[in-house]
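See structure below.
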Amino acid sequence: MLYRLREYHRPTDLEEALRLLQRTDIRTVPLAGGTELIGRGGAEIEAVVDLGALGLDFIEREGNALRLGAMVRLQAIVERLEEVADGLLAEAARRMAGWNIRNMATLGGSLVGSGLHTPLSVALAALGARLAITGQDELLPWPVGEIPRGQLITAVVIDLPEGAVGTGYEQVGRTPADHPIVCAAAVASRSIQGEVHTRTAVGGLLVRSLSIVDQAIGGDVPAAVEAVAAQIAPPSLPEMACLSDYRGSAEYRRAVAPVVARRALTTAIEKLAQ
């Protein structure tokens, strides 16, 4: 709980929101959907800036460019993007939480508060998503490092494949309803010239990043899939670089990561061929 909270702001202007967040005399944090902030709390938080009136809840598509505002609710992604990118974003958002939480949780809040190793994070990485962040002149590829204090994610931008596309998602967890221990998303696209390119992202393996592999697929599809799986967790990967906790040891994660990557990529390629 936010026991020391004494200020609540709901600005309608982005510059005003940033001014409030950048104050040094009072510990101020952004409030998006609230599902992460309220649950996590923090005795040091004294003020919140509600982002709900900044107009960042948009979903826009122009040609192959898809722009998602940081305040888009996860349930809106589930409902409105089912036909986009072979449904990968909708599926990943659905797996983030139950219906009630999805109607409150936002895209930006989930990326900042839920960490790297979530279904939505991995799906965005597989799609080559980029982030618009205040204070940055250029879009930054996801995943990015820590967002500087006083700055905000305003949008997620995805350049959708121009040709045919197939996607796959796989995960392992203690139960189907739990957050994944290891998860993988894969995108296979065929260009107008007939070239097949794949991008596979795995979360839950590395401590500080996602494992991402780009590959052109030739005639020997099984060999190409195995090559990607081998790159996800190569024998040279040091144990200290891998996550290890009560849900899964580093050894377990290294063994499972290539399996879920292989399954996700195989599904993506098979759907592309349909």
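Counting just the residues of the range 130-174 that are of a type in the set (S, T, N, Q) and either closer than 23 Å to ALA261 by Cβ or in contact with a strand residue (DSSP E or B) (Cβ under 8 Å, 6 or more places away or on another chain) (or both), which one comes out surrounded by the most Cβ atoms within 10 Å (Cβ to Cβ)?
THR167
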The correct count of residues that are over 20 Å from PRO119 (Cβ atoms) and either polar (S, T, N, Q) or not in a strand (DSSP E or B) (or both) in the range 204-257 is 28
Given the condition over 17 Å from the mean Cα position of the chain (by Cα) and of a type in the set (Ser, Thr, Tyr), answer yes or no: does some residue in the range 164-183 qualify? yes
Fill in: Boolean, ARG67 is under 18 Å from GLY203 (Cβ atoms), open to solvent by 10 Å² or more (accessible area, probe 1.4 Å) and either touching a strand residue (DSSP E or B) at 6+ places or on another chain (Cβ under 9 Å) or not aliphatic (A, V, I, L, M) (or both)
no
**Prompt:** Going by the conditions given, is THR118 under 22 Å from ALA233 (Cβ atoms) and open to solvent by less than 30 Å² (accessible area, probe 1.4 Å)?
**Reply:** yes
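What are the residues in the range 102-143 that are in contact with an Asp or Glu (Cβ under 6 Å, 6 or more places away or on another chain) and either of a type in the set (A, V, I, L, M) or assigned to a loop (DSSP other than H, G, I, E, B) (or both), if any?
None - no residue of the range 102-143 is in contact with an Asp or Glu (Cβ under 6 Å, 6 or more places away or on another chain) and either of a type in the set (A, V, I, L, M) or assigned to a loop (DSSP other than H, G, I, E, B) (or both), so the list stays empty.
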Residues of the range 225-240 being in contact (Cβ under 8 Å) with a residue 24 or more places away in the chain and open to solvent by less than 70 Å² (accessible area, probe 1.4 Å), in sequence order, are VAL225, VAL228, ALA229, ALA230, ILE232, ALA233
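Which one of these is at pLDDT 95 or above and farther than 19 Å from ILE59 by Cα: ALA177, ALA132, ALA126?
Residue meeting the stated conditions: ALA126.
Which is farther than 21 Å from GLY87 by Cβ, open to solvent by less than 70 Å² (accessible area, probe 1.4 Å) and touching a residue at least 12 places away in the same chain (Cβ under 8 Å), of LEU243, LEU265?
LEU243
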Among GLU79, GLU83, the single one that is closer than 30 Å to ARG190 by Cβ, modelled with pLDDT of 95 or more, acidic (Asp, Glu) and surrounded by fewer than 18 Cβ atoms within 10 Å (Cβ to Cβ) is GLU79
The condition of being within 23 Å of LEU14 (Cβ to Cβ) and out of contact with any helix residue (DSSP H, G or I) (no Cβ under 6 Å at 6 or more places or on another chain) holds, among ALA125, ALA105, ALA129, only for ALA129
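The values are calculated or read from the model by the stated rules, or taken from the named source; none is laboratory data. Small disclaimer: the values here were computed from a predicted structure and weren't measured. With ideal geometry, Cβ positions are generated from the backbone for all residues, glycine too; neighbour counts draw on all protein chains shown. Side chains included, ligands, DNA and RNA excluded: accessible areas come from the protein's heavy atoms. Shrake-Rupley method; radii C 1.70, N 1.55, O 1.52, S 1.80 Å.
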